[in-house]
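Beneath this line is the structure, given in structure tokens, with notes to follow.
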Amino acid sequence: MIPAGFDYLRAESLEHAAALKAEQGEDAKFLAGGHSLIPLMKFRLAAPTALIDLSRLTELRTLEQADGTLRLGAGLRLRDLEFSPLIREQLPLLAGAVASVGDRQVRARGTIGGGVVHGDPASDVPAVLLALDATMVLRGPGGEREVPASEFFVDFWETDCGTEEILVEIRVPALPGRGWGFQKFRQRSQDWATVGVAVQERADGSRAVALVNMGPVPLRARAVEEALAAGEGPDAAAARAAEGTTPPSDLRADAAYRSHLAQVLTAKALSEAGAGR
Ligand SMILES: Cc1cc2nc3c(=O)[nH]c(=O)nc-3n(C[C@H](O)[C@H](O)[C@H](O)COP(=O)(O)OP(=O)(O)OC[C@H]3O[C@@H](n4cnc5c(N)ncnc54)[C@H](O)[C@@H]3O)c2cc1C
């Protein structure tokens, strides 16, 4: 449980962070809240030669709304989102889901950007951002680029954030007053989801449904979305939640049980989101 040796470097600005990364090379990693990276280092699943600390960068902790879009700085902590009146009003699904992450200590240090770049399919925020049609804004040596959430999560713990890139912002269309639901099943109150489901009613009345821990990446439950669009009721649609998924089997649940949970939780989340009313 003791990490390999590493250098600690504190970035004073985004430019400084980029310069430190260029200087330290591929084996250096950015550090935000450290709640995913440090455990990996303790288990020796990661052994960066240097950590470049982004946590003091106020540039990464901005929260703005413009032209119907929320612009979330990647360094915003989960607690900032949980208690933000703007997020609660404009993106209640996000506020509701982050309130269920880990415990208070995790939410006080863990950042939205760290959770996104880490790309754990058992994490709640990536699936929620998928349901919200979010866009990731990455800054690297070649400038800035935007990647939709649907393309960002590549494989287990692998995302489309290059080693030289910093996730600076996440853009999310505001959805005030629209139905939403978030359900997750876990054995203990602070556990990651065995399975989770996020439902978001869009501005045109259609519903996006995304699944936590039902494959190597967060997944859209396309069969459920199609069934709803075709006029099927929420229970019939929810019965299709496991279609096209590849849930893992582990000590907490096997794949068949996860498939069952996906159906039950999708029915509950759809009901919570007001589907069928
Ligand atoms: C006890 C415990 C319980 C938890 N329970 C849950 C849960 O129920 N649900 C859930 O979703 N999550 C849970 N988490 C995970 C937690 O939410 C994540 O650890 C956190 O969101 C990751 O953010 P961080 O700021 O700690 O990232 P870090 O650990 O600092 O970084 C994670 C990765 O992202 C990279 N990175 C960070 N910021 C940037 C950036 N701006 N640009 C480029 N790369 C970056 C780092 O280099 C690293 O590879 C739990 C964690 C713990 C310790």
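The values are calculated or read from the model by the stated rules, or taken from the named source; none is laboratory data. Treat the numbers as computed from the prediction; the structure is a model and nothing was measured. For neighbour counting, all protein chains shown are included, and Cβ atoms are generated from backbone atoms with ideal geometry for every residue, glycine included. Heads up: the accessible areas ignore ligands, DNA and RNA and are worked out on the full protein's heavy atoms, side chains in. Shrake-Rupley method; radii C 1.70, N 1.55, O 1.52, S 1.80 Å.
Key figures for this structure:
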quantity	calculated
Peptides ranked, highest mean first, by Cβ atoms within 10 Å: ranges 156-165, 39-48, 78-87, 265-274	265-274, 78-87, 156-165, 39-48
Between 0 and 90°, nearest 10: helix 14-24 axis offset from the chain longest Cα axis	70
Relative frequency of Cα-Cα separations exceeding 17 Å in the stretch 44-133, percent	50
Structure-based [θ]222 nm, the chain - -39500 (n - 2.57) summed over DSSP H runs of at least 4, per residue, nearest 500	-8500 deg cm²/dmol
Set of lysines near Lys268 by C-alpha distance (under 25 Å), chain-local residues within fewer than 8 positions excluded	Lys184
Solvent-accessible area per residue, Å², over the stretch 24-159 with all protein chains present [probe radius 1.4 Å]	44
Stokes-Einstein translational diffusion, the chain - Kirkwood Rh over all Cα pairs, 1.002 mPa s, 20 °C, in µm²/s	112
Listed peptides 239-252, 57-70 by packing density, highest first (mean Cβ within 10 Å)	239-252, 57-70
Quotient of Cα Rg and 2.2 N^0.38 Å for the stretch 1-151, N being how many residues it contains	1.05
Cα radius of gyration and Dmax for the stretch 79-218 (Å)	14.4, 44
Total charge dipole magnitude, the stretch 1-127, about the Cα centre, Cβ charges on Lys, Arg, Asp, Glu only, Debye to nearest 20	420
Total formal charge among the other residues, if their Cβ is under 12 angstrom from that of Gly75, Lys/Arg +1 and Asp/Glu -1	0
Per-peptide average of other Cβ atoms within 10 Å, ordering 119-128, 133-142 highest first	119-128, 133-142
Two-decimal ratio, the stretch 222-277, of alpha-carbon radius of gyration to 2.2 N^0.38 Å	1.17
Alpha-carbon centroids, the stretch 182-198 and the stretch 73-89: separation in whole Å	20
Scattering curve values for the stretch 188-264, log₁₀ I(q)/I(0), Debye with Cα scatterers, q = 0.11, 0.12, 0.14 Å⁻¹	-0.28, -0.33, -0.44
Accessible carbon and sulfur surface of the chain relative to its total accessible area, %, 1.4 Å	50
DSSP-defined antiparallel bridges as percent of all bridges, the stretch 1-158, nearest 5	60
Listed residues His16, His118, His35, most fluctuating in the chain (Gaussian network, C-alpha, under 10 Å)	His16
Sorted largest first, extent of the stretch 135-277 alpha carbons per principal axis (Å)	48, 40, 28
P(r) tail fraction, the stretch 110-193 - alpha-carbon pairs more than 18 Å apart, %	46
